[in-house]
Amino acid sequence: MNDVKPLALVTGASSGIGLELAKQLAERGHDLVINAEDEAGLQRAAQQIRTAGATVQAVRADLRLADEVEALHRAVTAAGRPLAVAVLNAGVGRGGAFTDTDLADELDIIDLNVRSTVHLAKHVVRDMAARDEGRILVTSSIASTMPGSFQAVYNASKSFLQSFTQALQNELKDTGVTLTALMPGPTETDFFHRAGMDDTRIGQQDKDDPAQVAQQGLDALFSGKDKLVAGSAKTKAQGLADKVLPDRLKGEAHRKMAEPGSGDQE
């Protein structure tokens, strides 16, 4: 019986960056509540995480739905253990011209990336603020720094998360609650395939290691950093460039990487 480990929540934990964050939190001595929509993937992830000696509770929930966000929060609080770390990582994307993409897909991005994050954060932040302690990691993206030609709604959703996280940092600056925005670049996950972007330059290029992104993100979280562009030296250089380049140029550069069929061009 182990009741001394701190408890961490990770959403979108069945694969990719979310799975790596959960595994590394377990290695850093946390018990886990993990969430994803995919039941099979979630159970596979739970088995991997348990090898680090953590107690893992897997909660399947589709966070696009408000009642399932509530169900996840109830599962987190049911044992009466305080939540030391919350990783709000669940997200989805969709590539393509806005005139061509399905409205339902765009609204899914908003419901998962934006709405569910705000909904779950409302509970988590209030709980942590009442205890005057806790750490929150929000998976934003380097995409939050640029207009997302052919990923218009996705990039906008990450810009929302970036602004939201930084606003809460200011509101909570005199408390024991910290928030960190994790800003990965293109990372080797299923994201681009699921977003229908296999034929784009960004979909076909070499990408960052999700384990590296997770390690850098958790280092930033536990050191109290406000935000971090995580990944390779190339990604970090892009983050520096994005601070000074005009939006028009960033939008054009994004177009060259994300336009459908761009991966077939020389």
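The values are calculated or read from the model by the stated rules, or taken from the named source; none is laboratory data. None of these values were measured; they are calculated from a predicted model. Positions of Cβ are backbone-derived with ideal geometry, glycine not excepted, and every protein chain shown enters the neighbour counts. Quick note on the areas: whole protein, heavy atoms, side chains included, nothing else; ligands and nucleic acids left out. Shrake-Rupley method; radii C 1.70, N 1.55, O 1.52, S 1.80 Å.
Using 0.36 nm per residue and subtracting the Cα-Cα separation, the extra length available between GLN166 and ARG255 on full extension is 29.3 nm.
Note on the chain: with a GNM built from Cα contacts shorter than 10 Å, the maximum mean-square fluctuation among GLN216, GLN204, GLN43 falls on GLN204. Solvent-accessible surface of protein heavy atoms, probed at 1.4 angstrom with all chains present, puts GLU259, GLU37 in the order GLU37, GLU259, largest first.
Taking every alpha-carbon pair under 8 Å whose residues sit at least 6 apart, the range 91-176 reaches a relative contact order of 37 percent.
Counting only DSSP beta bridges with both residues in the chain, the antiparallel share comes to about 0 percent. Taking 15 Å as the straight-line reach from the Cα of LYS227, the aspartates and glutamates in range (excluding those fewer than 8 positions away in the same chain) are ASP219, ASP242. Entry note, the range 120-266: relative contact order of 30 percent, from Cα contacts under 8 Å with a spacing of 6+ residues. GNM on the chain, alpha-carbon springs under 10 angstrom: the most fluctuating residue among ALA152, ALA211, ALA130 is ALA130. Full extension of the chain between ARG44 and GLN57 yields a length gain of 3.5 nm, computed as 0.36 nm times the residue separation minus the alpha carbon distance. Here the relative contact order of the chain, from alpha carbon pairs under 8 Å that lie six or more residues apart, stands at 19 percent. Over the residues of the chain, the helix contribution to mean residue ellipticity at 222 nm works out to -14000 deg cm²/dmol, using -39500 (n - 2.57) for each DSSP H run of at least 4. In the set (1) 64, 20, 16; (2) 30, 19, 18; (3) 40, 20, 17, the label that goes with semi-axes √(5λ) of the Cα gyration tensor in Å computed for this structure is (2).
Springs between Cα atoms under 10 Å define the GNM used for the chain, and in it the highest mean-square fluctuation of GLN205, GLN162, GLN151 occurs at GLN205. Probe 1.4 Å, all protein chains in place: accessible area of MET257 in Å², nearest 10? Approximately 50 Å² of MET257 is accessible to the 1.4 Å probe. Remark: spin-label model distance ASP174-GLN205 equals 4.4 nm, labels positioned 7 Å along the Cα→Cβ axis. Straight Cα distances below 26 angstrom link LYS234 to the lysines LYS23, LYS158, LYS207, LYS225, LYS243, LYS250, LYS256, with same-chain residues fewer than 8 positions distant left out.
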